[in-house]
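A quick write-up on the structure given underneath.
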Amino acid sequence: MEIAQNFMGPLATNTMTRINENGNVVGTIIVNCEGFPETTTLDSLTAATYSTHMRNLSHHASNALKEIDVTDELVVLRLVSKKSEAVVAPDHEFHLIVVMRKT
């Protein structure tokens, strides 16, 4: 799996390579603060689709969590469907999204 790298440094590339070594991982995406996929192992259309929806979903989940407990913070959001699983780790500067096959 080749990593399409735009701005992330070697640490991010090494982390993505390590994550992608897991046989269940379909791909990884690093999304910038504007919501655009900057580094990905997926095709550009799939990366853009996951970036848009998972970033929005994590934003809504974070807001809901803040309404429940203003002192809490979203660390990881996991979305499981019948076919696949997506995990997003939000940050102020970027979001890391990992797409996996359902095991």
Relative frequency of Cα-Cα separations exceeding 16 Å in the chain, percent: 56
Ratio of Rg to Rh over the range 13-65 (Cα coordinates, Kirkwood Rh, two decimals): 1.02
Note, ³J(HN,Hα) from phi for the range 89-103, Karplus 6.51, -1.76, 1.60, rounded to Hz, x at Gly and Pro: 10, x, 8, 5, 8, 7, 10, 9, 10, 10, 9, 10, 6, 6, 9
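Report, to the nearest whole %, how much of the accessible area of the range 29-103 belongs to carbon and sulfur atoms, 1.4 Å probe, protein only. Mind dumping the intermediate values first?
On the way: 2740 of 4800 Å².
Reported share for carbon and sulfur atoms: 57 percent.
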Separation in nanometres of the label points that stand 7 Å from Cα toward Cβ, at Val76 and Asp91: 1.5
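Heavy-atom accessible area per residue, the range 31-103, 1.4 Å probe: how many Å²?
Working: 4790 Å² over 73 residues.
The answer is 66 Å² per residue.
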In degrees, nearest ten, helix 44-68 long axis to first principal axis of the chain (Cα): 20
Rg to Rh, two decimals, where the range 56-96 supplies the alpha carbon set and Rh follows Kirkwood: 1.01
Amide hydrogen neighbours beyond the local backbone of Val26, cut-off 5 Å, H modeled: Val99, Met100, Arg101
Using alpha-carbon coordinates, inclination of helix 10-20 to the longest axis of the chain, degrees: 90
Computed lengthening from Lys83 to Ser44, 0.36 nm per intervening residue step minus Cα-Cα distance: 12.0 nm
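The values are calculated or read from the model by the stated rules, or taken from the named source; none is laboratory data. Bear in mind that the values here come from a model prediction, so they are computed numbers and not experimental data. For neighbour counting, all protein chains shown are included, and Cβ atoms are generated from backbone atoms with ideal geometry for every residue, glycine included. For the accessible areas, the whole protein counts, side chains as well, though only heavy atoms, and no ligand, DNA or RNA atoms are used. Shrake-Rupley method; radii C 1.70, N 1.55, O 1.52, S 1.80 Å.
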